[in-house]
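Have a look at the structure below before the remarks.
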Amino acid sequence: MRKLQSLFFGIIGIIVILFLGVHQLERSSGMSGADTLTIYNWGDYIDPSLLKKFEKESGYKVNYETFDSNEAMFTKIQQGGTAYDITIPSEYMIQKMMKEDMLLPIDHSKLTGLNNIDERFLDLDFDPDNQFSIPYFWGTLGIIYNDKFVNEDQIKHWDDLWNVDLKDNVMLIDGAREVMGLSLNSLGYSLNSKNNQELREATDKLNKLTTNVKAIVADEIKMYMINEESAVAVTFSGEAAEMLDNNEHLHYVIPTEGSNLWFDNIVIPKTAKNIKGSYDFINFMLKPENAAQNAEYIGYSTPNKAAKKLLPKEISSDEQFYPNDEVIKHLEVYEDLGAKYLGIYNDLFLEFKMYRK
């Protein structure tokens, strides 16, 4: 019996030692929930010095991971594993995460600085009353062109991409919603269309664009356009801002007939372990000086009206990146299409890519 008791207590002792060892390892590596904030964000989507500033001011250790698509982020959070305290999805994915009950409601009584956000970017259809998300960045989808190869009169509309003079000189972003959307907009249809005939027309029109398409890529567009390896590309406004900074011959245009207006907002997943830290980070990013610093570093448009006043005039007054209300009213926000139509968009986009070959 004593041997059994000794064995039992020995096992218990080993378990306790292992537990304390793992706990100490977590603390020493910055993995403890109470002392750590785990952030899941797009790549290169925050000024790194702000993370250091937040750590210094808050006392938290920041664990920072990145994703390259809303879908990848959704899948990883849905699977569990890592307990993310903060993530920053786009509007249609916020809708989907709300439907899947993956987000914690935002307690507005814990927020300081929400009044800094421009009213135009609050209470939007994808998250009424901002029950689950707080604005982070916004922007548009448009066309960037090099004035060495084309002039401004040649690039104003989506239809201009089909110009025969642009043979093998157009680069497209590798995204089904973006490419299908621009074709739908060029036909006068909604980029959220669920009309099969409209989707078929959009795909058939895309297939006629293939001779002009040099490549369908993602982040590489920046390098190609800066290095003047293509005349025209379809890209997001923030990416365009970085390109313009590196090549004076580049210009960004939002087609007047319509395009995508997108929003990336901060949310707190239900997996969060450090709720207090999540609110501390949100409030930190709502401070005008921090939001302005982030916007100047990243190049995307800030929804923080107090921060916008702190930006250099050449940034805040640039209508390529801060379009006026007349332009904005022709833009559409991506909606969560649901699994069926998301699959249809992906299939039609794949058809277009295969048609190029």
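Below are the figures for this structure:
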| quantity | calculated |
| --- | --- |
| 23 Å Cα cut-off, lysine pairs counted over the stretch 137-206 (separation 8 or more, or different chains) | 6 |
| Residue-normalised accessible area of the chain, given per residue in Å² at a 1.4 Å probe | 49 |
| Proximal aspartates and glutamates relative to Lys99, as straight alpha-carbon distance under 17 Å, when same-chain residues fewer than 8 apart are discounted | Glu71, Glu91, Asp125, Asp127, Asp129, Glu335, Asp336 |
| Cα centroid separation - the stretch 143-161 against the stretch 262-320, whole Å | 31 |
| Three-way shape call for the stretch 278-343 based on the alpha-carbon gyration tensor, with the a/c threshold at 1.5 | oblate |
| Inter-label distance for Asp125 and Glu257, nm, one decimal - labels placed 7 Å from Cα along Cα-to-Cβ | 2.1 |
| Crossing angle, helix 196-207 versus the chain [Cα axis fit, 0-90 degrees, rounded to tens] | 70 |
| Size of electric dipole in the chain: Cβ of Lys, Arg +1 and of Asp, Glu -1, about Cα centre, debye, nearest 20 | 1780 |
| Spin-label zone in the stretch 148-166 - amide nitrogen under 13 Å from a point set 7 Å from the Cα of Gln320 along the C-beta vector | 148, 152 |
| Label selected from (i) 25; (ii) 29; (iii) 18, the criterion being percent of Cα pairs over 36 Å apart as computed here | (ii) |
| Reciprocal of mean inverse Cα separation for the stretch 224-290 (Kirkwood radius, Å) | 15.5 |
| Label point 7 Å beyond Cα of Leu187 along Cβ direction - residues of the stretch 326-345 with amide nitrogen under 15 Å | 344-345 |
| Separation in nanometres of the label points that stand 7 Å from Cα toward Cβ, at Lys99 and Gln78 | 1.1 |
| Three-way shape call for the stretch 229-332 based on the alpha-carbon gyration tensor, with the a/c threshold at 1.5 | prolate |
| Under 27 Å, Cα to Cα: Lys pairs in the stretch 307-357, sequence gap 8 or more or different chains | 5 |
| Cα long-axis angle, helix 176-186 against the chain (0 to 90 degrees, to the nearest 10) | 30 |
| Protection proxy ranking of 43-55, 75-87 - average other beta-carbon atoms within 10 Å, highest first | 75-87, 43-55 |
| Ordering of 192-202, 231-241 by burial proxy (mean other Cβ atoms within 10 Å per residue, highest first) | 231-241, 192-202 |
| Whole-percent carbon and sulfur share, accessible surface of the stretch 226-347, 1.4 Å | 50 |
| Of all accessible heavy-atom area on the stretch 70-132, the percent that carbon and sulfur account for (1.4 Å) | 47 |
| Relative packing of peptides 281-287, 141-147, 224-230 - highest average C-beta neighbours within 10 Å first | 141-147, 281-287, 224-230 |
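The values are calculated or read from the model by the stated rules, or taken from the named source; none is laboratory data. Since the model is a prediction, treat every value here as computed from it, not as a measurement. A quick note on method: Cβ atoms are made from the backbone with ideal geometry, for glycine too, and the neighbour counts reach across all protein chains shown. To get the accessible areas, we keep the full protein, side chains included, count just its heavy atoms, and leave off ligands, DNA and RNA. Shrake-Rupley method; radii C 1.70, N 1.55, O 1.52, S 1.80 Å.
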